[in-house]
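Derivation of every value follows stated rules applied to the coordinates shown; laboratory data play no part. Given the structure is predicted, the values throughout are model-derived calculations rather than measurements. FYI the Cβ positions are ideal-geometry reconstructions off the backbone, even for glycines, and counts take in every protein chain you see.
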Amino acid sequence: MHISDGVLPTAVALGTSAVSAGFLLWSLRRTPADDLPKVAVLTSAFFVASLIHLPFGPTSVHLLIPGLVGALLGPSAFLAIALGLVLQCLLFQFGGLTALGANLLLMGLPALLAGLVFYHFKGRSKKQRILVGALCGGGATIFSALLLALLLASGGEDFIGVAKLALLAHIPVVLVEAGVSAMVVSFLLKVKPELLDIPFVLKEKM
Amino acid sequence: MTVFRRVLCLVLLVFCLLLAGQPTFAEESPAQPELLQQQNQQLHQQLRDARREIARLKAEGSAPGWKDVVTGLGFIFGLSGVVMMVNARRR
């Protein structure tokens, strides 16, 4: 689910880049220095996850894991995804440099939303945390597909048609991501539960 | 006499032409389309194979290899290391 170079009109590409830059700055300011190792680990997970391809009919789709990154990083997720996308763009030729802003919004916003949802609804019990983690993983991918349709609609495509296609193509990804997120959350609950307690602060901590 | 000779020559010429032209028409006209079709089919098959090969090579070439993955991971950890170092010095 990457938008390629030259698909979006120039105005949309510039606008999404500006909005992404704003979010990136916001995310950067909310990333404490002590969290950097965790951010680096999840950035590399996000970077590598895109190489896991799931065969789907004639084409294949790959994992995205914005939901998992968002749930585990909170506000820092946007930073992690930005770095991961830049490297994917440069090394794997996913998307393109001019579409980077749009791709960043495409993955970053669902990640932030997943972080917010996970922070507010994770509750105390293990079962609930695992369930909410799975919902974040699957839901973020669905949200991503809808954003993709919205962005492509700005380039003159039919929104409903693209949305249907994007959602249909990502049904297996949604399921796998929900499963992967649930597995990671349950594993972390056993091994290092404090990793799941990320404060999702909207106000800047100075 | 000259008129008769001329006519005879003309008739002979026409006969020769017919004799020369007929067998080629008679022999090649049914065989040529079939042959062409066969060659066409062979060429099409070869072209299709070549195209498939090109597509395969293209897919192979564009797929990121291990080198790219390791490069990316190095970048991520290297950058985070630099930032952590800067942070540590500031303190």
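A few comments on the model shown:
- Residue in the range A:32-44 that is assigned to a helix (DSSP H, G or I), of a type in the set (A, V, I, L, M, F, W, C) and surrounded by fewer than 18 Cβ atoms within 10 Å (Cβ to Cβ) present: yes
- Residue that is farthest from A:LEU188 (Cα to Cα) [pool: residues in the range A:114-142 that are outside any helix (DSSP H, G or I) and touching a helix residue (DSSP H, G or I) at 6+ places or on another chain (Cβ under 8 Å)]: A:GLY123
- A single member of A:ALA145, A:ALA111 is closer than 24 Å to A:VAL191 by Cβ and in contact (Cβ under 8 Å) with a residue 24 or more places away in the chain, and it is A:ALA111.
- Residue within the range A:81-96 that is more than 14 Å from chain B (Cβ to nearest Cβ) and either touching a residue at least 24 places away in the same chain (Cβ under 8 Å) or of a type in the set (Phe, Trp, Tyr) (or both) present: no
- Any hit, the range A:56-74, residues being farther than 15 Å from A:THR141 by Cα, away from chain B (no Cβ under 14 Å) and among the aliphatic types (A, V, I, L, M): yes
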